[in-house]
Amino acid sequence: MNDTVITEKPVEAADQRAREYLTFRLDQEEYGIDILKVQEIRGYEPPTRIANAPDFIKGVINLRGTIVPIVDMRLKFNCSKSNYDAFTVVIVLNLQHRIVGIVVDSVSDVMSLKPDQIRAAPDIDSVIDPESILGLGALDDRMLILLDIEKLMTSSDMGLVAVA
Amino acid sequence: MADVHQDSGGAGTDIDLSQFYQIFFEEAGENLDQMEQMLLNLNLETADDEELNGIFRCAHSIKGGAATFGFSDVAELTHKMESLLDKLRRHELKPTSVMVDVLLESADAARALLACHQSGTVGQGPATADLVQRIQAIVAGDAAAAAPPPAPVASPVVAVAPVALTPSAAPASAEASGVRHLILRLSKLDHAAQADAVAELFRDIPGLGDIKPVLAPDIAANERVYDVQTSSSNEDLLDLFAFHVAREQVSIQEAEPVATLPPEPPSAESVKVETSVSHPTPAAEGYGFFDGAPGAPKPGDSAAKVAVAAPAAEAPKAMHSVKAPSAGALQPEAATIRVAISKVDQLINLVGELVITQAMLAQNSRSLDPTVYQQLLTGLSDLDRNTRDLQESVMSIRMIPMSIVFSRFPRMLRDLAGKLGKKVDFVTQGEATELDKGLVEKITDPLTHLVRNSCDHGIEMPQDRVRAGKPETGTITLSAAHQGGSIVIEVRDDGKGMSRSKILAKARERGMEVSDSMPDAEVWQLIFAPGFSTAEVVTDVSGRGVGMDVVKRNITALNGTVEIESAEGYGMRVSVRLPLTLAIMDGMSVGVGNEVYILPLSSVVESFQVRSEAVSTLGQDSRVVKVRDEYMPVIELEKVFQVPRFNTDKTSDMMVVIEADGSRVVLLVDELLGQQQVVVKNLESNYRKVPNVSGATILGDGKVALILDTAALVRRSRH
């Protein structure tokens, strides 16, 4: 009896282990990203503009000695407005080989989502490459768009990575 | 023939030598560690070639280094290890645990010997002759050697050991400094050549001493007796002889004041050096130098290991056993550590941040009332001093002395001068001047070129020098010195210098725009043009005209400058000015709109307020400006960087002339903000390459400013 519990539990846990997502808001939409990719959250400060960069790349900031590019997700995802106020937040992401800051309207929460709460995203045409959407998190009546932020930030249309 | 010598201005030759010693000791230590590790991990049955090769390489590098620096004992030991390992890796022998034991012991012994050399207590290292013999025995495939390590040699020792007990006073004087007078008896020789070989040692090794054969009627046919005067210890002598005769065949004794040879058989009074170390306990355990010595441990055994057992109190001091140093008594502390560059760079980054934060605090505290905030202000000024010191110390981690570069030139010049039939003295000054490691690596090639040039083009042939009233031997001086935030490296020679007229003629020949009224400095700069050479004969050394332009380009790439001074008939001087580190650059900050850009100061030629009539358009929208007699293309930073304008009244009216890749362009900016040292940051580590930008820096207020890539801007103006 005891034995079966011990042998079964890890398998179940691996399958059903909830993962934590940092959720943020862009206009009316709510997004979630893997919390382990987040280095820190800080207020928005005007970055140094980089000439001839796409408009959603706001520029670079000095993050304690490191030059970090800032991407405005609202511009990237064609949100209706992108004003900078006291609540505008930069999420500093620590991706595999680089540090990138993303501008969002606000950070809401850290959510635990179990795999059974995640639904596949329907195949629709959107500004977000379907490849970089992990799925849709169903939370009561809210919908979380779970992003594969690593894939999204390193994709070629982001223009953050030099094209080899 | 060339007479090249290094006449160091700052550090003496001794210091240089010891610097190299230090490097050798460190590397040898690392190699020994690595070898030990690999030996311990070695699986005897399945030892693969890679592992064996690795161990062999370790022994080989130590041997090479030791031989170079004249540590013959280490070299000899490692040489034996190497031959054993060589057989192993060529599969002539199968690795056994005995071999591993011997090799490990040898590694310990080598470490102890190195420690002795390092601490300068030469001659007090452990005896290695025995290890050498054991390794030899194994290499020779000696069946007996397969037995536990000390066994094969232990037996002969047992035979003579008791003899040693009688004249135990004799070796006491063995260590006495000064020349000793010894009677050396070689007995039971297989053939006479062995004795001759020993005698030859004294002739071949300088300072070993004198040897004279003693002819006496009582010497047996297979014996030789010599009268030896030497300052070496018995142990050293035995080590040397070990190449030719077995240890038990040798006996050394102090010569009697009477020069006649004692008539007794040699064994009766001879002193076995090894056994004299041991003490009047049975000899078998007296040989317990090493772990795993045969025989049950007896009370006297441990005493024998430290070689100072009471009965043998007078035993020579040289007889430190192998055990003693490895016990840690002589273990010197490592004077350096190796650290990944990335860690140092991170440290430099953090300190840079600290400095900026500190500057910010200092700025903000300036308005405080000193009477109210006295303590705070004192603390801040302490912080100021400490951060500065910290920054300096951290920056110095990456700094290495110029001697690393300079040391390669004496040899090169010697060969070169020999080839050219010139006589050259090479003088270096200020080789202790420190420079960033990254820069040192990059400056070596340009400097090599300059020195070769001096030798080839500068210094005349000896007869020409004499005719010109100069000493036959030319002098090339290489000097390095700090000047402000940069380092100035000079290559000077007292050769024929450069001929202004020749350079101008050559330039005209090549269709370059020159005039006779050009200032000297500009004429000399002509030699940096690609393909420019005034050498009458193209030699394999130089003269093809490739080079000076490359030198200039390399140095410019390091944010450095090259200046030439020359006096025909008296020589020339090339000064290379470099920033102390690549991480810091002298920059000029310029404002465009609300943005700040940094220009490398090294590429800024001049700046001036523009007069509207000086700017004219060429073609559709290209603009040129007339600066003195020259029209230069104008680059508007505002357009290149699409700077947004909030204040439409203001326009760019400052011009900065920049030079890169040999051409000049004019940058149109709003204002000049000042000059400052900036810490260069990579933009590509988190972003990607940005056109016309070489990097970024952080300004005093914490904002990021982009550093302009002047070379790219100049290229841009061309098409």
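The values are calculated or read from the model by the stated rules, or taken from the named source; none is laboratory data. What you see is a predicted model; the values in this text were computed from it and never measured. Methodologically, a virtual Cβ is constructed for each residue, glycine included, from the backbone with ideal geometry; neighbour enumeration extends over all protein chains shown.
Quick notes
- Qualifying positions in segment A:50-69 - over 20 Å from residue B:353 (Cβ atoms) and at the interface with chain B (Cβ under 7 Å from one of its Cβ atoms): A:50, A:51, A:52
- Check on residue B:466, free of Cβ contacts under 8 Å to residues at least 24 places away in the same chain and in the same structural domain as residue B:556 (by TED's automatic domain parsing): yes
- Here B:638, B:659, B:671 are screened, and the one residue that is within 13 Å of chain A (Cβ to nearest Cβ), surrounded by fewer than 20 Cβ atoms within 10 Å (Cβ to Cβ), in contact (Cβ under 8 Å) with a residue 24 or more places away in the chain and more than 24 Å from residue B:352 (Cα to Cα) is B:638.
- Members of segment A:72-117 that are within 14 Å of chain B (Cβ to nearest Cβ) and free of Cβ contacts under 8 Å to residues at least 60 places away in the same chain: A:90, A:92, A:94, A:95, A:96, A:97, A:101, A:102
- In summary, residue B:598 fulfils each of the numbered conditions (1) at pLDDT below 80; (2) of a type outside the set (D, E, K, R); (3) buried (at least 18 other Cβ atoms within 10 Å of the Cβ) with the single exception of condition (1).
- Scanning segment B:631-652 for residues that are at pLDDT below 80 and not basic (Lys, Arg) yields B:646, B:647, B:648, B:649, B:651, B:652.
- Residue selected from segment B:683-716 under the condition hydroxyl-bearing (Ser, Thr, Tyr) and part of a loop (DSSP other than H, G, I, E, B), by the criterion nearest to the other protein chains (Cβ to nearest Cβ): B:687
- Checklist (1) under 18 Å from residue B:567 (Cβ atoms); (2) touching a Gly at 6+ places or on another chain (Cβ under 7 Å) applied to residue B:449, failing item: (1)
- Those residues of segment A:118-152 which are touching a residue at least 60 places away in the same chain (Cβ under 8 Å), surrounded by 16 or more Cβ atoms within 10 Å (Cβ to Cβ) and over 13 Å from the mean Cα position of the chain (by Cα), in sequence order: A:137
- When segment B:441-466 is filtered for residues that are buried (at least 21 other Cβ atoms within 10 Å of the Cβ) and assigned to a helix (DSSP H, G or I), the ones remaining, listed by number, are B:443, B:446, B:447, B:450, B:451, B:453, B:454, B:455, B:456, B:457, B:458.
- Selection from segment B:468-486 of residues that are modelled with pLDDT of 85 or more and over 19 Å from residue B:417 (Cβ atoms): B:469, B:479, B:480, B:481
- Any hit, segment B:613-623, residues being buried (at least 18 other Cβ atoms within 10 Å of the Cβ) and either out of contact with any Lys or Arg (no Cβ under 7 Å at 6 or more places or on another chain) or of a type outside the set (A, V, I, L, M, F, W, C) (or both): no
- The number of residues in segment B:20-43 that are in contact (Cβ under 8 Å) with a residue 12 or more places away in the chain and farther than 20 Å from residue B:108 by Cβ comes to 3.
- Test: residue in segment B:374-384 that is surrounded by 15 or more Cβ atoms within 10 Å (Cβ to Cβ), within 14 Å of chain A (Cβ to nearest Cβ) and free of Cβ contacts under 8 Å to residues at least 60 places away in the same chain: no
- Residue in segment A:34-49 that is assigned to a loop (DSSP other than H, G, I, E, B), touching a residue at least 60 places away in the same chain (Cβ under 8 Å) and either more than 14 Å from every other protein chain (Cβ to nearest Cβ) or crowded, with 19+ Cβ neighbours inside 10 Å (or both) present: no
- All positions within segment B:44-93 that are of a type in the set (Gly, Ala, Ser) and either closer than 17 Å to residue B:107 by Cα or part of a helix (DSSP H, G or I) (or both): B:54, B:59, B:61, B:64, B:65, B:66, B:67, B:72, B:75, B:83
- Which numbered condition residue B:631 misses (of (1) more than 14 Å from chain A (Cβ to nearest Cβ); (2) among the aromatic types (Phe, Trp, Tyr); (3) touching a Lys or Arg at 6+ places or on another chain (Cβ under 9 Å)): (3)
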